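Worksheet for the structure shown next.
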């Protein structure tokens, strides 16, 4: 290499030219003439600033027993949900993989990608018990615990400090998938199981916890009077229209704070329903960080919900859901 010696203004100009050339290189992390690294990978301030924010929290809110046609376009009974379409992505081809079965198998599927295990098949809405639970360990929250990812179930109507195994008031275990897995609730399942208690809170504690900040996986189940299911002792009774209104009103009161949190804390919210009722098509909305407003016609199932949650939170995709479509086309490129 030829050495050029210069001084005064000429030297200053040369130094400035070389500095600008190094800073504007299109190949950061390549060596200079002395084999030293310029802007080495992981050492660039610009790279750290420009790196896309990773989604850190997934909120899942399940609702009940409504076909997509009962919600989409129903501005009389579900004005709040329909008002979310402008800032959310909603699925037009979300299929019910268990159209002939009750709620509980659907919720178990959201957790494990199946309702059939070597020691038990979930086919009804019975409470959690030794006979109605599984020792199967290949399911989402066990993956999260192994990876050190926080998770919490907020169930409306449960008692703090107890594992909620039995139907109580307007709380229904059939809408709480975690209580059917013995590695969460014990073998046999116990209301005093410490692990279950640590991961279950009454929904009444949610607002305080949200204000304090949360990451990981958050599963929120409204009670049967607020999740569009309805019941004899609910103000909305058993009428479909009245129960859609009740669920829509509950969301209009509770969801805004979660949406605001999602905007500033790299979070996403998935609103799903468990059964399609009249059809096998289920409403589904995604809101929050990096979601593209609009619609998606890709074929989805609850396996898609599980697979996407695993991908976002960085745990392996379970074998039961590897073939499912994830929600990638609902998001901006490289969102997760």
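Structure values in brief
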quantity	calculated
Among beta bridges that DSSP assigns inside segment 55-330, antiparallel share in %, nearest 5	30 percent
Descending Cα extents along the principal axes, segment 91-131, whole Å	39, 18, 15
D_trans [Stokes-Einstein, Kirkwood Rh over alpha-carbon pairs] for segment 224-336, 4 °C, 1.567 mPa s, µm² s⁻¹	82 µm²/s
Shape call, segment 55-330: gyration tensor on alpha carbons, a/c limit 1.5	rounded
Gap separating the Cα centres of segment 281-313 and segment 200-232, nearest whole Å	20 Å
By average C-beta atoms within 10 angstrom, highest first, the peptides 62-69, 305-312, 230-237	305-312, 62-69, 230-237
Shape category assigned to segment 99-178 from the gyration tensor of Cα positions, a/c cut at 1.5	oblate
Global form of segment 266-310, assessed from the alpha-carbon gyration tensor, a/c cut-off 1.5	prolate
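Quick note: the coordinates plus some simple rules give every number you see, no bench work behind them. Worth saying up front: this structure is predicted, and the values here are computed from it rather than measured. Ideal geometry is used to build each Cβ from the backbone, glycine not excepted, and the neighbour counts take in all protein chains shown.
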